[in-house]
Amino acid sequence: MLDHIVEFLNWGWQELGGPITARSPMQAVIRAAAWSGHYRVRRVGDPTEVSEYFWVPAWGKPVPIQSP
C-alpha cells in the first residue's frame with residue numbers, strides 16, 4: 001500500500017484532503033472521488049513521480065486518460 005495525493009480539477013487543481021493509502025492510483029481515486037470530473041493522482045514522497053489522470057463519470061468506475 002502506498003500513499004497517494006488525489007487532486008480534483010475545478011477552477012484549478014485542488015487537493016482532496018491528506019494522503020490516501022491505496023494499492024494503485026485508480027483505487028486512490030475511487031476512495032477520494034465525490035463528484036464526476038477530472039482527477040489526477042501522484043504518489044507521496046517521490047518528486048519525479050508522474051501524475052496519472054482519470055475521468056470519473058457520474059456512474060461507474062474511473063477511466064484512465066492522458067490529460068484533461
| said: With the requirement that a residue be more than 20 Å from M1 (Cα to Cα) and not in a strand (DSSP E or B), what does the stretch 12-60 give you? | reply: G12, A34, W35, S36, P57, A58, W59, G60
| What about P64, is it in contact with a helix residue (DSSP H, G or I) (Cβ under 9 Å, 6 or more places away or on another chain) and exposed (fewer than 15 other Cβ atoms within 10 Å of the Cβ)? | yes
| field | Count of residues meeting criterion [under 21 Å from A58 (Cα atoms) and either of a type in the set (A, V, I, L, M) or part of a strand (DSSP E or B) (or both)] in the stretch 1-11 | value | 4
| request: Could you run through the stretch 1-55 and say how many residues are surrounded by 13 or more Cβ atoms within 10 Å (Cβ to Cβ), aliphatic (A, V, I, L, M) and more than 18 Å from S67 (Cβ to Cβ)? | output: 7
| note | Scanning the stretch 4-60 for residues that are of a type in the set (D, E, K, R) and at pLDDT 90 or above gives E7, E15, R23, R31, R40, R42, R43, E52
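Go through G45, G37, G18 for me and flag whichever is in contact (Cβ under 8 Å) with a residue 40 or more places away in the chain and small (G, A, S). Show your work before the answer.
Working: G37 fails: in contact (Cβ under 8 Å) with a residue 40 or more places away in the chain; G18 fails: in contact (Cβ under 8 Å) with a residue 40 or more places away in the chain.
None of the others qualify; the one that does is G45.
The values are calculated or read from the model by the stated rules, or taken from the named source; none is laboratory data. Note that the structure is predicted; figures quoted are calculated from it, not measured. Glycine also receives a Cβ, built like all others from the backbone with ideal geometry; neighbour counts cover every protein chain displayed.
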